[in-house]
Amino acid sequence: MRPWAAYDDDGFLAIVATGDVGYRADRAKALAESDRCSCMMSTRAMKMSVTLLIPVAVIVALLLVLWVGQRGLMYFPLRNVPPIEALGLDDVEPVAFDTADGLRLSGWLFAPNALDQATTVIVFNGNAGNRAHRVPLATALRSMGLQVLLFDYRGYGGNPGSPTEQGLAMDARAAREFLINQRRVDPGSVIYFGESLGTGVAVTLASEYPPAALILRSPYTSMVDVAQYHYSWLPVRLMLRDRYDSLACIQSVRTRLLIIAGERDRVVPPEFSRQLYDAASQPKTLVSVPSADHNDDELLTGKAVIEEISKFLGR
């Protein structure tokens, strides 16, 4: 601090001069120290920012990967379909038909041992495998005197294209049009059978073109709800492209409905199937299979399930 009092001019000036030099030196030292501290604080802040940005960048990158590749987590097609002969099938006809966007899809038509104008079931597959995995179901349905169309969506069973919600909806319409326009099937005698992911496809088609009956195995309220159930830590409600909102569509469906749910289903929780059932119009039937998980044969072609289907259809 500068001295402000002295007893003679020389002393005063000397003291003032000495004090002024000391003041300036102290001030410079203080400024240098301040600059050093500021630099250290700036470096620390930068390090903290980088530390915070790294996990944010990782999360953003993960979300971007999931956004781009989400359909690879939803659809699991098998392209290779064994020949009909290798499966030991009789009276099964290979068929093909075109979609509205120009894709040619392949399928099998299981003809019954009854009249040509038999009631026909279109099976809308789940998200994995191909039509060969639904042969036991088609065989069981044909034993009831039903004609059955098994077909593969785009990207499945050697078909061209890649699966999307919009694409599968076009595939479903094409399958129905094939039966009506090329096989002269009465539109009022067509039944839709959807399993797992295919229940969303069947419900959407039913809201557009009412079937004679609608059978849903392991249906869900929406694919958003299923994905959120399995990936609760992800913002799937914002990210999911193919949403399959069956809960919204089922309210406009006016046809006989059978819902089959496995009480131990770990893929589609049975409460989702019950919520869809509650939202549907009468007449409707809910069948719960107590010990069945999602992919159990008991839920697909088990004796109790087939009997319930037969009873529902009056066969």
Verdict on Leu103 being assigned by TED's automatic domain parsing to the domain that holds Gln182, buried (at least 20 other Cβ atoms within 10 Å of the Cβ) and either in contact (Cβ under 8 Å) with a residue 12 or more places away in the chain or touching a Ser or Thr at 6+ places or on another chain (Cβ under 8 Å) (or both):
no
Which residues, counting only those in the range 298-315, are in contact (Cβ under 8 Å) with a residue 40 or more places away in the chain and over 15 Å from Ala213 (Cβ atoms)?
Leu299, Leu300, Thr301, Val305, Ile306
Residues of the range 172-183 that turn out to be surrounded by fewer than 24 Cβ atoms within 10 Å (Cβ to Cβ) and touching a residue at least 12 places away in the same chain (Cβ under 8 Å), as a count:
8
With the condition kept exactly as written, say whether any residue in the range 116-136 is in a helix (DSSP H, G or I), under 19 Å from Phe312 (Cβ atoms) and either within 27 Å of the chain's Cα centre (by Cα) or basic (Lys, Arg) (or both).
yes
Do we find that Ala169 is without any contact (Cβ under 8 Å) to a residue 40 or more places away in the chain and hydrophobic (A, V, I, L, M, F, W, C) in this structure?
yes
Exclusive hit being in a strand (DSSP E or B) and not hydroxyl-bearing (Ser, Thr, Tyr), set Gly200, Gly194, Gly167
Gly194
Which of the residues that make up the range 68-82 are among the β-branched types (Val, Ile, Thr) and either outside the structural domain of Pro136 (by TED's automatic domain parsing) or exposed (fewer than 13 other Cβ atoms within 10 Å of the Cβ) (or both)?
Val68
Subset of the range 274-315, residues assigned to a loop (DSSP other than H, G, I, E, B) and farther than 12 Å from Leu258 by Cα, comes to Pro290, Ser291, Ala292, Asp293, His294, Asn295, Asp296, Gly302, Gly314, Arg315
Please find, within the range 88-100, the residue that is surrounded by the most Cβ atoms within 10 Å (Cβ to Cβ) out of those that are farther than 18 Å from Gly157 by Cα and of a type in the set (Asp, Glu).
Asp91
So, Met223, is that one exposed (fewer than 15 other Cβ atoms within 10 Å of the Cβ) and within 16 Å of the chain's Cα centre (by Cα) or not?
no
Could you tell me whether the range 268-288 includes any residue that is acidic (Asp, Glu) and touching a residue at least 24 places away in the same chain (Cβ under 8 Å)?
no
Is it the case that the range 32-54 has a residue that's modelled with pLDDT of 95 or more and either surrounded by 10 or more Cβ atoms within 10 Å (Cβ to Cβ) or outside any helix (DSSP H, G or I) (or both)?
no
Scan the range 254-273 and give yes if some residue there is in contact with a Lys or Arg (Cβ under 9 Å, 6 or more places away or on another chain), among the charged types (D, E, K, R) and under 23 Å from Ala132 (Cα atoms), otherwise no.
no
Mind telling me which of the residues Glu165, Glu85 ends up being closer than 20 Å to Leu205 by Cα and either loosely packed, with under 13 Cβ neighbours inside 10 Å or charged (D, E, K, R) (or both)?
Glu165
Check the range 120-129 and report whether any residue there is farther than 21 Å from Ala202 by Cβ and free of Cβ contacts under 8 Å to residues at least 60 places away in the same chain.
no
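The values are calculated or read from the model by the stated rules, or taken from the named source; none is laboratory data. Quantities reported herein were computed from a predicted structural model and do not represent experimental measurements. All Cβ positions, even for glycine, are placed from backbone atoms using ideal geometry, and neighbour counts span all protein chains on display.
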